[in-house]
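Below is one structure, written out as structure tokens, with a few remarks after it.
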């Protein structure tokens, strides 16, 4: 039986944005992910949910949306995102557990989840929760760490790793860090009422030797060309999927964003830096402009 409260990977206090992205020689990965995002995003939209937004690395790439909700479990990462993005009414910051999203059902016309699901213990449950927050027909862009990548296949064949890249179950290669099989991800999406529209394979040349030998512009250009093979096979460490929310589900009809993540029966009332549920009386605070749903007070 799966736990009702799965463990959460918390980046609170982490310098991940600085050490991994800004000073970690990840320009190649960042640029090829930006290309994949641009290819899959709708040309325009009203309200986008950025799941696992962190310090806002991708947020400025959603310029065609009227508003963006940045969601992350880490309060410190969201504070860093606010500092980086400045005071802008387009952005709303939400600290929340992904298994209990605090949003009115059918609120968003688009959602993205980049470099996040690999920290999720119960991925099917998270995908089901995301689907509830989306309107029918909404676009969902999911990036996942691919278990069945070429490096893992070669290592397995040479007996340099114990886990099998061809089996469907996730592999936890470090604590709360999972690689997934593409077939498993596609099944979970279908089970959560998503139709897969397009797949892109990304980071084909994520090899330190290639990064040293070839100019960044060349590597990025080559990756941009071969990303389109994603509908045929998925053998790269990173895969992007564009899925569409399907099925009969509600569309939010009011201007309010939040419903109670506890009882799920009512919209929340905002007053004096706090949100209150009129039914179960739970209260959540608004701290430094961030809606904090991690724990009620």
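Under the definition of Cα pairs under 8 Å and six or more residues apart, what whole-number percent is the relative contact order of the chain? That works out to 20 percent. Helix 182-191 and the longest principal axis of the C-alpha atoms of the chain enclose an angle of approximately 30°. Classify the stretch 27-73: rounded, prolate or oblate, from the alpha-carbon gyration tensor (a ≥ b ≥ c, eigenvalue square roots; a/c under 1.5 rounded; otherwise prolate if a/b is larger than b/c)? Oblate, since a/c reaches 1.5 and b/c is not below a/b.
Can you tell me the orientation of helix 27-40 relative to the chain, as the angle in degrees between its alpha-carbon axis and the longest Cα principal axis, to the nearest 10? With both axes taken from Cα atoms, the answer is about 60 degrees. Subtracting the Cα-Cα distance of residue 159 and residue 21 from their residue separation scaled by 0.36 nm leaves 46.5 nm.
Separation of the stretch 264-291 from the stretch 8-41 is 31 Å, based on Cα centroids.
List 232, 163, 284 from most exposed to least, where exposure is judged by having the fewest other Cβ atoms within 10 Å. Working shown, then result.
Details: 232 9, 163 15, 284 25.
Result, fewest neighbours first: 232, 163, 284.
Taking Cα centroids, how far is the stretch 177-194 from the stretch 71-134 in Å? So the two Cα centres are separated by 19 Å. Computed from Cα atoms, the angle from the helix 75-85 axis to the main principal axis of the chain rounds to 80 degrees.
Here the translational diffusion coefficient of the stretch 96-199 follows from Stokes-Einstein with Rh set to the Kirkwood radius across Cα pairs; for 10 °C and 1.306 mPa s it amounts to 108 µm²/s.
Bridges between two residues of the chain, per DSSP, are antiparallel at a rate of about 55%.
Enclosing the Cα atoms of the stretch 258-297 in their convex hull gives a volume equal to 60 cubic angstrom per residue.
Taking the number of Cβ atoms within 10 Å of each Cβ as an exposure proxy, the fewest-first ranking of 73, 11, 228 is 228, 11, 73. Taking the DSSP beta bridges with both ends in the stretch 258-297, the antiparallel portion is around 100 percent. Principal semi-axes of the equivalent ellipsoid, √(5λ) from the alpha carbon gyration tensor of the stretch 193-297, are 45, 21, 11 Å from largest down. Which value, in Å³ per residue, describes the convex hull spanned by the Cα atoms of the chain? Per residue, the Cα convex hull of the chain comes to 142 Å³.
Each reported figure results from applying straightforward, stated rules to the coordinates on display, with no laboratory input. Keep in mind it's a predicted model, so treat the numbers as computed, not measured. Counting neighbours? That spans all protein chains shown, and the Cβs are built from the backbone with ideal geometry, glycine included.
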